[in-house]
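Chemist: Take a look at the following structure, please.
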Amino acid sequence: MIMSLKKIVITFLLILSLLFNLSCFTSRKAIELNKEGLANSKNGNYEEAIKYYDKAIEADPEYVTPLVNKGMALWKQGKYGEAIKCYDMALELDSKNVKIWNNKGLVLANQGKYEEAIACYDKALSLRPEYVYALNNKGLALLYLGKSEEAMNYINKALDIEPEFSNAWDSKGDILAGAGKHDEAIDCYDKAIALDPNCVDFWQSKAVALDENKNYEESVKCYDKALMLQPDSMDGLNRKGQALYNQARYEEAIICFDKILNINPKDIDTVVKKGEALYNQARYEEAVRCFDRALELEPGHIVSLKGKGLALLKQNACREALACFNACLKLEPASVDAWAGKGRTLYAQYKYNEAMDCYSNALKLSPDNIELLLEKGKILGYIYDRYDESIECYNRVLAIEPEHIDALYYKGLVLDKQGNYREAIKCYDKILSLGSTKYTDPLVRKNNDLKALEKQEK
């Protein structure tokens, strides 16, 4: 009887041992499958990674890690709803895991659900008050809600706990940049870069701040560094191209735009930017082809219609240019640029009355548009001899910009035509005092006016 009992106990223990070993075997299998998923995720093969995570979850439903990693892979694909489901399932298994709460908050923040994201970060912080990732991410969520002062408090708290936390320095830079403190922001980005020089986002953040300071030469260097780390970054190529464009380095900008278009030929914004760069190089036929391509992608694209109209006008194709501007105005009657472009086209066709009407319409929409005031002033003063109205246009420009050389010069010319030499001399004197070399004859005109005044006084 005793022997039988011993056999039963031994058999029971053997079964328990076998079950334990099977359980361990299943967990080891799940771990290996999870590793395969991570390897695919690292290479950006998220679909394949998810297949491995699913197998790992199937092998061990209690193993939380593949659920978390699957959520991350779904998040990277922009499948936010599915990612949230994964994190919720993971939290059912491990409700005190601060990383899961933090990740769920990040997905919600990516959806613009900042209040819900903050609730997740708060949950993580209730479990671990000094968890710097949740402090940093809560700060960013507050920033996006427009609460920059509160945001800075959380970022600073994270930095007090971990002074070498690169993400927090980047976040602090974002807050300062949002407040227009770009120099201070750049200092923060530099600290982030010093801690993690291989982070693409830090280099791009610094470059954007340099762009805001109009330091395009230095910003291009930062974009170059970011593109060395991530050569096919569409955002990096686009921003670098724009920075080069802002420096009038159009050929280099076009190289960036072409790289983007090789990746995505249907990127209409880049097609248009390339057209504008070509226009600024006086490569008008190529510019028209770019704008035509943009109009194939989006037939009513206003910017492309305007750009095409201007490029055609430069080629004296006035009838085709006019058709572009009329199409713009049909789609957007309040387009200042379209009214101005139409006015210039009609002026080139010697249709001055119609051109004047266009400039007047444009100025109703944009009363302080200096370029339009100058053009209207020229028509009034030189085509119609309506001197007082012409001078009024130039005076409006000078009220906005008292040292505007063109307005001073053309006002002087109209005053000369009126025989008002004394006032004309004041215009030429102002130009000479400013040291401008844009026009070669203000001194000659002043001397001629002095002679004319002498005759008047005799």
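The values are calculated or read from the model by the stated rules, or taken from the named source; none is laboratory data. Given the structure is predicted, the values throughout are model-derived calculations rather than measurements. We place every Cβ from the backbone using ideal geometry, glycine too, and count neighbours over all the protein chains shown. Side chains included, ligands, DNA and RNA excluded: accessible areas come from the protein's heavy atoms. Shrake-Rupley method; radii C 1.70, N 1.55, O 1.52, S 1.80 Å.
Chemist: Filtering the range 281-297 down to residues that are within 18 Å of residue 316 (Cα to Cα) and part of a helix (DSSP H, G or I), which residue is nearest to the chain's Cα centre (by Cα)?
Modeler: 291
Results for (1) under 26 Å from residue 233 (Cβ atoms); (2) open to solvent by 60 Å² or more (accessible area, probe 1.4 Å), shown as yes or no for each residue.
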site: 266; (1), (2): yes, yes
site: 269; (1), (2): yes, yes
site: 277; (1), (2): yes, no
site: 332; (1), (2): no, yes
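Chemist: Using the structure shown, decide if residue 222 is of a type outside the set (D, E, K, R) and closer than 18 Å to residue 287 by Cα.
Modeler: no
Chemist: Let me ask something else. Report those helices (runs of 4 or more DSSP H) wholly inside the range 347-458 carrying at least 2 residues which are modelled with pLDDT under 95, under 28 Å from residue 332 (Cβ atoms) and under 43 Å from the mean Cα position of the chain (by Cα).
Modeler: Those helices (runs of 4 or more DSSP H) span 352-365, 370-378.
Chemist: Quickly run through the range 158-177 and pick out the residues that are out of contact with any Cys (no Cβ under 8 Å at 6 or more places or on another chain), surrounded by 15 or more Cβ atoms within 10 Å (Cβ to Cβ) and in a helix (DSSP H, G or I).
Modeler: 158, 159, 167, 168, 171, 174, 175, 177
Chemist: Here is a follow-up. Assess whether residue 135 counts as being within 26 Å of the chain's Cα centre (by Cα), of a type in the set (A, V, I, L, M, F, W, C) and in a helix (DSSP H, G or I).
Modeler: So residue 135 fails the test.
Chemist: Restricting the first residue to the range 134-157 and requiring it to be surrounded by 23 or more Cβ atoms within 10 Å (Cβ to Cβ), which pairs with a second residue that is part of a helix (DSSP H, G or I) and among the polar types (S, T, N, Q) meet a Cβ separation below 7 Å and a spacing of at least six or different chains?
Modeler: Within 7 Å, the pairs are 134/102; 136/167; 136/171; 137/102; 139/171; 140/171; 155/136; 155/171.
Chemist: State which residue is farthest from residue 301 (Cα to Cα) when the search covers only the range 250-280 and only residues that are part of a loop (DSSP other than H, G, I, E, B) and of a type outside the set (D, E, K, R).
Modeler: Per the criteria, the residue is 264.
Chemist: Same structure, new question: Which helices (runs of 4 or more DSSP H) does the range 1-108 wholly contain that include 3 or more residues that are modelled with pLDDT of 85 or more and out of contact with any helix residue (DSSP H, G or I) (no Cβ under 7 Å at 6 or more places or on another chain)?
Modeler: Helices (runs of 4 or more DSSP H) meeting the threshold: 2-42, 46-59, 80-93.
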